[in-house]
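These notes are about the structure you will find just below.
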Amino acid sequence: MTEFPHLYPGAGRIAALSAEERILRIRADRWISYPRAEAALAKLETLMSFPERARMPNLLLVGESGMGKTMIIEKFTRDHAASFDDTTGRLNMPVVAVQMAPGPDETRFYRRILAAIGAPEPPRATLAVLESLALRLLTELRPHMLVIDEIHSLQAGTIREQARFLNMLRFLGNELRVPLVCVGTAQARNALRTDAQLVRRFEAFALPPWQEGTDFTGLMSTLIRSLPLRRESEIDDKALARMLKMTGGITSGVFSIMSQLAIAAIESGEERVLTRDVLGGDRLQAALGEPV
């Protein structure tokens, strides 16, 4: 029987560490699974295994900032990490993930592709040279998916710049015959709509803010069992409603508050988060850094 049966086994092992080590683990990025995120990962897996054809299906992962879009992509990329085949001498990179520059800049985008696949950039390269090199290397690499994060940055450019950039994405998808996954806020939908041919190929998958119900209760239960506290936390429905009100249902806000409360519980020796901590009081005020 585990020493901390109220925790997941991995969290239980961490709970046996010192206070300083546990606080460092809480502050570090970590994957917390929940049904909507698992559904998004399943969508990505389906795209990865899609047979090659002239027009591949694409996915638009959309949600407000802080809803966990990038964490999902990072998790998926880790699950399909690059590897080197000593026999063939080839690099296998199933997923090429690129974050857009703050605007539809084709030159900077191709540079970011080269950086993502570890290719040196030619000095004083023109757009045409960068495009040719990136396309050649991607063709040799044969990834199964191209991910473009922060796609809503398109809207920082003019209509003409947006059109050119989207035309480039369509060109890449056609040439490489791989699914495109675009990730962004709600504005991403409007940006893609400027290219009627391209937008028809995208299926939208939304990550809406949390609301009261079993999904949010399940998320909180998972989160609580993942925090390496040595005593079992107790949070009731009133505290859950308060959490939603404070964070607007944004995932990063929920995780941040619970992490801060967990750290405060370790530092105070309480070793658990209680309803009263969420509903108000000194500990919540200290966690938020402001009156509540």
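Here, each number is a calculation from the coordinates, and none is a lab measurement. Note that this is a predicted model, so its numbers are computed, not measured. So basically every Cβ, Gly included, is an ideal-geometry build from the backbone, and we count neighbours across all protein chains shown.
A few comments on the model shown:
- Protection-proxy order for peptides 62-68, 267-273, each taking the mean of Cβ atoms within 10 Å per residue, highest first: 62-68, 267-273
- Taking amide H atoms as placed 1.01 Å from N in the peptide plane, the amide H of Leu59 lies under 5 Å from those of Leu180, Val181, Cys182, Glu203, each 5 or more residues away in sequence or on another chain.
- Over segment 34-123, the hull volume per residue, using the convex hull of the C-alpha atoms, is 155 Å³.
- Charge tally in the Cβ shell below 11 Å around Leu172, where Lys, Arg are +1 and Asp, Glu are -1, Leu172 excluded: -1
- Each Cα pair under 8 Å and six or more residues apart adds its sequence gap; the mean of these over the residue count of the chain is a relative contact order of 25 percent.
- Relative contact order (%) - criterion: Cα under 8 Å, at least six apart; region: segment 75-166: 36 percent
- Ranking of Val129, Val199, Val254 by neighbouring Cβ atoms within 10 Å, starting from the fewest: Val129, Val199, Val254.
- For segment 159-244, the average shadow cast by the Cα convex hull is 8.9 nm², which is a quarter of the hull's surface.
- Take 256-264, 190-198 and order them by the average number of nearby Cβ atoms within 10 Å per residue, most first; the result is 256-264, 190-198.
- Listed residues Ile148, Ser65, Thr158: farthest to the positive end of the dipole of the chain (Cβ charges): Thr158
- Sorting Thr88, Thr185, Thr275 by the number of Cβ atoms found within 10 Å of their own Cβ, with the fewest placed first, yields Thr88, Thr275, Thr185.
- Per residue, the chain reaches -15500 deg cm²/dmol at 222 nm when only DSSP H runs of four or more residues are counted, each adding -39500 (n - 2.57).
- Surface/4 of the Cα convex hull for segment 35-207, nm²: 10.0 nm²
- Dmax and Rg, reported as Rg then Dmax, of segment 116-156 (C-alpha, Å): 12.4, 33
- Cα-based shape type of the chain, given that a ≥ b ≥ c are square roots of the gyration tensor eigenvalues and the cut on a/c is 1.5: prolate
- Ordering Val181, Val95 by the number of other Cβ atoms within 10 Å of each residue's own Cβ, fewest first, gives Val95, Val181.
- Our summary gives segment 35-207 a relative contact order of 36 percent, counting only alpha carbon pairs under 8 angstrom and 6 or more residues apart.
- Taking Arg189, Arg242, Arg124 as the candidate residues, the one with maximal mean-square fluctuation in a Gaussian network model of the chain, Cα springs under 10 Å, is Arg124.
- Percent of beta bridges antiparallel (DSSP, the chain, rounded to nearest 5): 15 percent
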